[in-house]
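Report on the following structure.
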Amino acid sequence: IRLKGYDHSSEGLYFITICTQNKEYLFGEIVNGEMILNGAGLMVEKIYKELSIYFKNINFEEYVIMPNHFHFIIEIIEGGKTPPLHKSKLGNIIGYFKYQTTKEYNELMDVKNEKYLKLWQRNYYENIIINDEIHQKVIEYIEKNPLKWEEDKYYK
């Protein structure tokens, strides 16, 4: 899933997909080609948008939260001031996001420690966006994802 030998803290655009544990539908539903977020989906969106508080050298582009996965483009830029505990290596950013959303999801669901729920699958999918043509194709894919839900590989 990771490109071996690539410096994932280097400047660039990354297309990320994170799937829920067992690809369960947790974040809402598609109605007439539009994603309607439920409380868990809104929480994921909120925490995603707050990442720039902790990682000062990232920018966000298009994203879509689907019933059982999350697609987004993140840009790591040079020169940002990031606290030492939050190095802007892609894996650290995703790990922090997954930890925060899982913690809040369990609070939303009023889960006690002995029944702690895993929100996400263990890893994530990453594609490095290497040129404008690929960038535009990824943007289009993200924008049209809810419209093509029944054709999606994550659709059950």
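Values for this structure:
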| read-out | value |
| --- | --- |
| ³J(HN,Hα) computed for each position of segment 122-127 - Karplus, 6.51 cos²θ - 1.76 cosθ + 1.60, integer Hz, glycine/proline x | 4, 10, 8, 9, 9, 10 |
| Using a Förster distance of 25 Å, the FRET efficiency for Y154-N127 (Cβ separation, nearest 0.05) | 0.95 |
| Size of segment 85-144 as Cα extents on the principal axes (Å, biggest first) | 48, 32, 16 |
| Å² per residue, accessible surface of the chain at 1.4 Å | 59 |
| Surface share of carbon and sulfur [accessible, 1.4 angstrom probe, percent] for the chain | 50 |
| Given (1) 20.7; (2) 17.6; (3) 16.3, the label whose value is Kirkwood radius over Cα pairs in Å derived from this model | (3) |
| Percentage relative contact order, the chain, counting C-alpha pairs under 8 Å, at least six apart | 34 |
| Length released on extending from Y96 to N22, taking residue separation times 0.36 nm less the Cα-Cα span | 24.6 nm |
| Potential lengthening between K144 and L108 on full extension [0.36 nm per residue; Cα-Cα distance subtracted] | 10.0 nm |
| Which of W149, V138, Q100, positive extreme of dipole for the chain (C-beta unit charges) | Q100 |
| Per-residue ³J(HN,Hα) for segment 133-142, Karplus 6.51 cos²θ - 1.76 cosθ + 1.60, θ = phi - 60°, Hz, x for Gly and Pro | 4, 5, 4, 5, 5, 5, 4, 4, 4, 4 |
| Added length on full extension, which subtracts the Cα-Cα distance from 0.36 nm per residue, N59 to L117 | 17.9 nm |
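The values are calculated or read from the model by the stated rules, or taken from the named source; none is laboratory data. Source: prediction; values computed, not measured. FYI the Cβ positions are ideal-geometry reconstructions off the backbone, even for glycines, and counts take in every protein chain you see. For the accessible areas, the whole protein counts, side chains as well, though only heavy atoms, and no ligand, DNA or RNA atoms are used. Shrake-Rupley method; radii C 1.70, N 1.55, O 1.52, S 1.80 Å.
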